Every structure is written in structure tokens, then in C-alpha cells.
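These notes concern the structure reproduced below.
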Amino acid sequence: MTITMKKKDVVLIGFGWTGAILGQELTEAGLDVLALERGEMRDTPTDARYPQVIDELAYSIRGKLYQDLSRETVTVRHGVDDLAVPYRQHGSFLLGNGVGGAGLHWNGMHYRVLPEELQLRTRYEQRYGRHFIPEGMTIRDFPVTYDELEPFFTKFEYVCGTSGKAGNLGGRKIEGGNPFEGPRSKDYPTPPLHNGYGADLVWKGAVEAGFHPYYAPAANCSTPYTNPYGVRLGPCNFCGFCENYACYMYSKASPQTTILPVLLRKPNFEVRPRAQVLKINLDSTGKKATGVTYVDGKGREIFQPADLVIVTAYQMHNVRLLLLSGIGKPYNPKTGEGVVGMNYAYQAMGGVEVLLPSGTRLNPFIGTGAGGVSIDDVNGDQFDHGPLGFVGGASVRHVRLGGRPIQMTPTVPGTPKWGSAWKSAVKDTYQRELHIDLSGSVAAYQDVYLDLDPTYRDSYGQPLLRLTYNWHDNEARLMHHVGDRISEIAKAMNAEKYWVTNRVTPGAKYDVRFYQSTHTTGGAIMGADPRNSVVNRYLQSWDVPNVFVMGSSAFPQNMGYNPTGLVGALAYWAAKAIREQYLKNPGPLVQA
Amino acid sequence: MTQPDRRGFLRTLVSAGPAAALAVGAAPAVGHAVETPEASGGAYAPRYFTAAEWRFLRAAADILIPADENGPGGAAVGIPEFIDGQMEMPYGHGKLWFMGGPFHPEVAPELGYQLDLVPRDIYRRGIGNFDAWCVKTHGRPFADLAVAEQTAAMHDLEAGRIVFADVPSATFFGFLLTNTKEGFFADPIHGGNKGMASWKMIGFPGVRADYMDWIDRPNTPYPYGPVSISGERA
Ligand SMILES: Cc1cc2nc3c(=O)[nH]c(=O)nc-3n(C[C@H](O)[C@H](O)[C@H](O)COP(=O)(O)OP(=O)(O)OC[C@H]3O[C@@H](n4cnc5c(N)ncnc54)[C@H](O)[C@@H]3O)c2cc1C
Ligand code: SF4
């Protein structure tokens, strides 16, 4: 029997980064907001308690904060005619779970977007000609510009206390910042984190090789800081346990360290943990959501009525919820019909490994989530793609994440994997090996998409999301080029040895066994035309106007940067539209 | 509709109080502590592994991580104790994985683990198969072979030259090596890395996790030894 609860103005499905932002914005507008979060309540004192939190096995390896795959996962296949099988163990991506979502255990690499990436198709067609974009590649323009989003990028950075240095303040170029970035209205709220020895060496090598290094923007606060909501953050102490962990120093921006303390005190806000939303309910017309159905911690099925439903469940879950609820027509790669699930994309990760001379003391355990050196010379459309013949670019960075021994004790290729030779190699390499990250954009393709799996089900009996994903030649060529270019930095560093470790090489299949990134995008993409997008420029469903869908599911394709700066900016942008336009006149904000 | 599972229960404990804070990841807090010889005043009694399996694990740990000039070997640092402890955790029971069928182990390896076996099964079958192969090939189980024979057998296993009857030998080797390294490098609270031997070997300061005082000292040796979660220093 389904229990029916008292109606709310707004229901948020999931409470991670986008749930926190929308919760704050819509309670400020006076609305009564309920966040339903499937996972547990989490906070700094309970989930980042020192020294218990400094436990690599529990968090990074066994994944204490991640989605419980035994209950729900996704299935994966490489091609549209292949059999999909479950993603049974954590690997390629790490889905968040619990209050704070992945926002509690991200690294805090906090980028915006290169302006040209938002008008990608137009830019390539104008600069390189219509035929430059290969057949089957379905890249698009975002229906919003950098200038429109600029205030919201700034807002999210100020909420996070993000550390960094502007490279372009209102058109004025500034040394030490990113010369390629779009103009900023304000500098970062806190100065850059200090660079360690490895970052100093990469910076020097990059300058020598003709690149333009800048301080990597980090939502790891560098000084004591009070954000616009009055929440305080402390300086990052380079603990080296950032990604996969909650921050015991209150330095890494997370919903818990920036927004939740304010929200929890509001009478018009409630977060209900252990509430797994099964679907969004529609009325008989199918054009209006009446609320959501969820299962609570006691296993009871509950109907929660609401005027406005905001999907803030993370990219993959957002798409799955739309499919389970019958909102929007599912995409069919064979006919090209339908929209929900289309333009799924990922990131092409790689690296240049650098072995420095014997005796070098990198002290690798001195680490942060995001501080270090970043380079955009080969990102976006900051270089001439004409002679290269591929679409896209890569953001490049050296961030020393730490020296956590289970995962961060690399050896030189060819080293035995066990025995005394392995032991001495680990000991030798630990202090003198560093990694320059290559994070490549991934275009959208007609044969890459998301739908519901026909066979496998979660513990609630609902179909799992199915990913149909494989690498394409364009990305292999992009990564090859970037690997070559960035090797010039390693050369300039007088490395004893360096080698490129790209995951995406010609013919390589997408491999779920190795962590690459949790930067998955698309499936509920934003656009100007309901015939080829799921949400409009305000992230409002074209089909059901009282449903909005936040998150990177809105990206028509993926960029080289990490997504959350853009995810946060889009959430604030959408929230403003809801507050200033939708509430006055509920209905479509863009006429189809 | 659903029953709160064991993990859910353990998670509830996590927020309940300090004593339970390690419940999910660490054996000691879940009632049956990993007993070290020091603590129990005698030899460690394995909870999951049989006597024969235990002898294998101790011998294998010393082959994968031998005692040498870089520090003690795998058995001395407690890797068998670590693996035994893990078998009793949700991990050992496969409770951290999606184990719904149907199973299709024939798909491309890039699609990840697809066997209907949990770590407890993999060890039970893998050790049995490997010891049987050692008996057949060398006349004795692994633990009774000379070090050179053990090393050669381990190379044969790694290289896929041995075919097992009821578990892929490469899968068994993969788990054995991965869990061995976990036990070598993880915090001693999980039963391995005794005396923080691996951390001393590489120079990892453990749970210090506060380097404000050293970020501005490039290329300078860090002066402090490791500390563990339970406060042990070396
Ligand atoms: C290890 C890791 C490192 C990362 N590092 C970076 C980085 O350095 N830079 C960067 O830009 N990005 C990074 N990311 C990505 C970043 O965390 C995400 O972009 C961001 O958290 C997305 O916000 P979100 O609100 O869409 O999803 P989340 O923050 O994940 O929140 C979604 C929430 O919804 C809940 N939920 C899902 N389904 C349901 C349901 N059916 N019912 C109820 N609740 C539900 C989930 O439990 C979760 O709490 C990282 C991610 C991971 C996992
Ligand atoms: S590296 Fe800094 S921001 Fe990250 S968890 Fe440690 S103290 Fe917090």
C-alpha cells in the first residue's frame, strides 16, 4: 500500500551538489523544499573523523562512500548490437551516494568552460568548414553563452571558496593565471594553494617548452574563508586524502562545508535520507508531474506530491529517472528518433609519466585534491585543428593527489609485479615519479547512448540503466597528439625517463576495470529545439514543464575540463530562471 | 519492499559512535578483532581459511613479498591475517558487488568481472587447484616446495601456464596479488602492514595527513616517521 505524504512546493531527487544549490536558492525564494536522498545522512564530524578517515583501504579501495552496487548498478556494452553486462565492481567511474553525493568526495578541480566550447558546432563549422565534423559525430552548441553564465560561475566559486588566480579579469590579462580563459568579473575568492616541488618542476618545464602554465583552480580553500551564505571554510593542509574522502579540515568545498549548515536551520527545508525515488509521477495528460514515488528506509512505498520536481540525482541517475518515468521519448540510435539518452559522453584520460633523477625528494604524500599546475594550450579550440583533422582538446594538469600507498606506488613499465625486484622498484620510484594528467574531451556520437537494460534489474525490481559506449578514432587521434605535445614538457624537465599512458589508443575498447573519471555527461541534453534535446536552456523538460533536470546530463558533449564548475553554474542559472520567471508564471520558459 | 542489508546496518553503526566508526572497512570494530600473536599470546587462528590453505597463504605471501634488505616478508607483516580478515568482511562475501544474474563470463574482458564467484570462493578453489597442481608437478603442496620452486610456480601461475578446473587461474592470481599488496600497504588496523613496515620502506608518514609545515620545503627529506590509525609510531 502506498502512503501519501503532505504536498510540498518542491521535491529534489538526490542531495549532492545540484540538490544543495537548488535547495538553497528555492528556500531563499520562500518555497517549501524537500530533498529525498537515497543514501545515509553524512557530515564532517561523522564521516571525516580524524584519524579514522585516513584509511585508504576503507575509502579508496572498498569505497565506503560510493553507491552500493549490490543494490543498483548500470550495465555496459560496446556496440548497439552487443550484449550488455552489469558493472559489477567499482572501476571506470565512482558514483556518489548519501547526503552530499559525489560532492562530498570529489577532488575539487574547479574549472569553468572555455567560451568556444559552448558554441562548439558553430565554431568548428565556421573555422574549419562544415565537412570537418565527421559523419556520426553529433556535437552541438549549448543553448547558452559564456557571457550569460559568467555571473553564475563566479557565484559558485564564491560559495566554494575556490583558490586560484585569474588570468583574464574583464579582458585584462594577468600573469600566473590562465591566458586562454574567458573574461572574469572577479578574481578567485582565495589565492592559489602553494605548489609543491613536483608542480614547481612541471611549471618550469612547461614554460621552457613554450606552454602557458597557470595555478590550477581548486575548491580546496587556501585561507580561512567565509562564503556568501556565512559558512566558514579553513585552509587546506595538503593532507593527501582528498578524492574518495570527506575533508576533515573543512577545506574542500562540498554541500556539507558550504551550504548544508544554512539549509538545515531553515524551517522550509528538509532532507530525508534513505529515500530511494523510483519514479516521477505524471497526471493523466502526461504533461504534468504530480510528485514522486519513493521507498523509505523501512521499505515503505510513499507518494510525495509536489508542484515542482527537480531531478538532482547525478547524470546517469537523472537519465534513468526520466526513462523510468516516461518523460520524453527514448532515443533510438538506429532510427535517430527520440531524445532521452542521446549524446552520452565521457572523458579520454591519459598521462605523461615522468621519472626524475635519483635522489629527488618529491614527498609525494604532500597532496591536495586540485592545487597544482594547469595548462590549456592544447585544450578547446586554442590551437589550429585544421591540419590535425580531429575535434576537441585536453586539459592538462599536474596535481599531486597524495602518496597513498595502495594506489600511488607506481613502477616503471617492465618492472616485475612482485618479489624483491618489485619491492626495491617501489621504494626507488615513490619519491621521484610524477604524473601529468591529460583529460581529453569526448565528442557525442550517434552510436553512443543510454537506455534501460532489458534484462538486469536493481533491488527494487526496476531496470538498470544501460550504457552503450566505446571510443572513437577521433579521440584516439586527439590523445595521441596531446601525448606528443605534453612529452615536450617532460623532455624540458630533464627527466631520466618519461612515457605516455593513454587509455584511448587506436582500436582500444572502453575498459570499465580501471578508474578514469566520474565525468560522465549527456543523456538529458539541453538545446534550443525540442526535436533534438531533452531540456531547454533553463534545464526545464520540454515535455513536462514542472520538471527540471540539473547536472552534467545537460551537456551535449564533454569537454576537457572537469564538469562541476559548469554543473554548478548551470544550476544557479536555472535556479534564477525558476525564481524570476517560472514562479510568476508556471509553464514552459521557452516556447517550443 | 526491501530489507536493510548488512551494509546498511553497518552504515547505521558508523554514525552511531566512535567505537563503530571503523565498522565497514576494518575488521577490529565488528566484534571479532583480528588477533595478532602479540595480542592473543599465541599463534593467529584463521577464521576462514583451513590449516592447509593457511600454510599456502603464508608461503605465498613470502614469495610475493620476500624478506630482504628492504624489510620483512609478507607473512611476518601479517598479510595472511589481513586476507583472512577480509574474507569475513562484506568484501569477502561479494556483498560490495552487483551479483545479480545472468552471468556472462564470455564477454570482452574490458567489461569487467563477470564471474558468479565471490572472493571466498575464489580463494577456496584457487588454493585447492594450485596446491593440487604443485603436488602433481613438483610432488608436494606449494608450502612444502623449496623457495626456487615456489617462485617458479608463482611465475607459471602469473603467466597463465596453469589451467585450473573450477576458477580461472588468472582470476585467482589477480586476487592473490591485489589483496597481498592491500595487506602490505593498508593501515595496520586491518591486520597487515605490521610495524608499518611498508610505510617505513617507502617513507609514507601514515595518518599524519597534515603537511602545512612541509609544502614550502621543496626537495627536502621529510623528517617524521609514520603513525597509524591506532596511534602506533615507528
Ligand atoms: C571520486 C570523484 C572525484 C571527482 N572529482 C571531481 C573534480 O575534481 N572536479 C570536478 O569538476 N568534478 C569531480 N567529480 C564529479 C563531481 O563530483 C560531480 O560532477 C558532482 O558531484 C555532480 O553533482 P550532482 O548534484 O549532479 O550529483 P551528486 O553530487 O553525485 O549527487 C547526486 C545525489 O543523488 C542521489 N540519488 C541518485 N539517485 C537517487 C534516487 N533514485 N533517489 C534518491 N536519491 C538519489 C545520490 O545518492 C547522490 O547523493 C568527481 C567525482 C568523483 C566520484
Ligand atoms: S587535500 Fe586539503 S581539501 Fe583535500 S581533504 Fe585534504 S585538507 Fe581537505
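I'd like the Kirkwood hydrodynamic radius of segment A:48-197, using the inverse of the mean 1/r over distinct C-alpha pairs, in Å. Please list the in-between numbers first.
Working: mean 1/r = 0.0510 Å⁻¹.
About 19.6 Å, per the Kirkwood formula over Cα pairs.
Could I have the simple spin-label model distance between A:Thr223 and A:Leu83, label points 7 Å from Cα toward Cβ, reported in nm to one decimal?
6.1 nm
Take peptide A:71-79, look around each residue's Cβ out to 10 angstrom, count Cβ atoms belonging to other protein chains, and average those counts.
On the way: counts 6, 1, 3, 1, 2, 5, 3, 4, 0.
Average neighbour count from other chains, rounded to a whole number: 3.
Ignoring ligands, DNA and RNA, how do A:Glu135, A:Glu580 rank by accessible area with a 1.4 Å probe, largest first?
Values: A:Glu135 185, A:Glu580 95 Å².
Sorted descending by solvent-accessible area, the residues read A:Glu135, A:Glu580.
Apply 1/(1 + (r/R0)^6) to the Cβ-Cβ distance of B:Ala165 and A:Gln446, taking R0 = 45 Å, and write down the FRET efficiency to the nearest 0.05.
Numbers: r = 45 Å, r/R0 = 1.00.
E(calc), rounded to 0.05, equals 0.50.
Mind ranking A:178-189, A:470-481 by how tightly packed they are, going by the mean number of other C-beta atoms within 10 angstrom, highest first? List each step's numbers first, then the result.
Working: A:178-189: 19.0, A:470-481: 20.9.
Output ranking for A:178-189, A:470-481: A:470-481, A:178-189.
Could you sort A:Met5, A:Met137 by accessible area so the largest value comes first, with the probe set to 1.4 Å? Write down the numbers at each step before the final one.
Numbers: A:Met5 65, A:Met137 10 Å².
Largest accessible area first, the list is A:Met5, A:Met137.
Given the peptides B:206-215, A:158-167, arrange them by the average over their residues of other C-beta atoms within 10 Å, most packed first. Display every interim value, and only then the final one.
Working: B:206-215: 19.3, A:158-167: 24.8.
Result, highest mean Cβ count within 10 Å first: A:158-167, B:206-215.
Local charge sum around B:Tyr224 (other residues, Cβ-Cβ under 11 Å, Lys/Arg +1, Asp/Glu -1)?
The answer is 0.
Mind listing P(r) for segment A:268-425? All alpha-carbon pairs, 10 Å bins, whole percents.
7, 20, 19, 20, 21, 10, 2, 0
I need the fraction of alpha carbon pairs in segment A:205-309 separated by more than 23 Å, rounded to a whole percent.
Numbers: 3136 of 5460 pairs.
The calculated P(r) of segment A:205-309 puts 57 percent of pairs beyond 23 Å.
How far is helix A:315-325 tilted, in degrees, relative to the longest principal axis of the Cα atoms in chain A, given as a value from 0 to 90 rounded to the nearest 10?
20 degrees
With Rg and the Kirkwood Rh both taken from Cα atoms, where does Rg over Rh land for the protein assembly as shown?
Details: Rg = 26.2 Å, Rh = 27.4 Å.
That ratio is 0.96, to two decimals.
If packing is taken as the average number of other Cβ atoms within 10 Å across a peptide's residues, how do B:84-95, A:534-545 rank, most packed first? Each step should come with its number before you reach the end.
Numbers: B:84-95: 21.2, A:534-545: 23.8.
For the peptides B:84-95, A:534-545, the packing ranking is A:534-545, B:84-95.
As a test of reading the structure, rank A:Phe132, A:Phe153 by solvent-accessible area (1.4 Å probe, protein chains only), most first.
Most to least solvent-accessible, the answer reads A:Phe132, A:Phe153.
Give the distance, in whole Å, between the Cα centre of segment A:484-545 and the Cα centre of segment B:79-153.
If you average the Cα positions of each part, the centres end up 35 Å apart.
Using the beta-carbon distance between A:Arg127 and A:Asp147 and R0 = 22 Å, what value does 1/(1 + (r/R0)^6) give for FRET efficiency, to the nearest 0.05?
Numbers: r = 20 Å, r/R0 = 0.89.
The calculated FRET efficiency here is 0.65.
At 7 Å along the Cα-to-beta-carbon direction for both A:Tyr460 and A:Lys6, put a label point, then send me their distance in nm to one decimal.
2.4 nm
Please grab the % of Cα pairs in segment A:363-488 that end up more than 27 Å from each other. Could you put the intermediate results ahead of the total?
Values: 3730 of 7875 pairs.
That tail contains 47 percent of the Cα-Cα pairs.
When a/c is below 1.5 the answer is rounded, else prolate if a/b is larger than b/c, else oblate, so apply that to segment A:437-592 with a ≥ b ≥ c taken from the square roots of the Cα gyration tensor eigenvalues. Before the final figure, lay out each step's value.
Numbers: a/c = 2.67, a/b = 1.72, b/c = 1.56.
Note, shape of segment A:437-592 comes out prolate.
Report the accessible area of A:Arg361, computed with a 1.4 Å probe over the heavy atoms of all protein chains in place, in Å² rounded to the nearest 10.
About 80 Å², rounded to the nearest 10.
Rounded to the nearest 500, what is the 222 nm mean residue ellipticity of chain A from helices alone, with -39500 (n - 2.57) per DSSP H run of 4+ residues and division by all residues?
-6000 deg cm²/dmol
Once you have a ≥ b ≥ c as the square roots of the Cα gyration tensor eigenvalues for segment A:172-264, tell me rounded if a/c is under 1.5, and otherwise prolate or oblate according to whether a/b is larger than b/c.
On the way: a/c = 2.92, a/b = 1.59, b/c = 1.83.
Since a/c reaches 1.5 but b/c is at least a/b, the shape of segment A:172-264 is classed as oblate.
Can you pull the mean other chain C-beta count within 10 Å for peptide A:84-94? Working shown, then result.
Values: counts 3, 11, 12, 5, 12, 6, 3, 2, 2, 0, 0.
Partner-chain Cβ atoms within 10 Å, mean over residues of A:84-94: 5.
Note down the nm distance, to one decimal, between modelled labels 7 Å out along Cα→Cβ at A:Asp384 and at B:Arg140.
With each label point 7 Å from Cα toward Cβ, the separation is 7.2 nm.
Name the long-range amide H neighbours of A:Arg466: under 5 Å, sequence gap of 5 or more, or other chain; modelled H, no Pro or chain starts.
Sorted by chain and number, the residues that satisfy this are A:Thr75, A:Asp451, A:Leu452, A:Asp453.
My understanding is that a pair violates if its Cα-Cα distance is over 27 Å; which of A:Lys279/A:Lys509; A:Lys8/A:Lys298; A:Lys155/A:Lys329; A:Lys329/B:Lys95; A:Lys287/A:Lys576; A:Lys8/A:Lys287 do that in this structure? Can you show the working numbers first?
Values: A:Lys279/A:Lys509 33 Å; A:Lys8/A:Lys298 21 Å; A:Lys155/A:Lys329 34 Å; A:Lys329/B:Lys95 36 Å; A:Lys287/A:Lys576 23 Å; A:Lys8/A:Lys287 19 Å.
Flagged as over cut-off: A:Lys279/A:Lys509; A:Lys155/A:Lys329; A:Lys329/B:Lys95.
Other chains' Cβ within 10 Å of A:356-362 residues: what's the mean? Could you put the intermediate results ahead of the total?
Details: counts 1, 0, 0, 1, 1, 7, 2.
Rounded to a whole number, the mean comes out at 2.
The values are calculated or read from the model by the stated rules, or taken from the named source; none is laboratory data. Computed from a predicted model, the values in this text were never measured in an experiment. Please note: Cβ atoms are built from the backbone with ideal geometry, for glycine as well, and neighbour counts cover all protein chains shown. These accessible areas exclude ligands, DNA and RNA; they are computed on the full protein's heavy atoms, side chains included. Shrake-Rupley method; radii C 1.70, N 1.55, O 1.52, S 1.80 Å.
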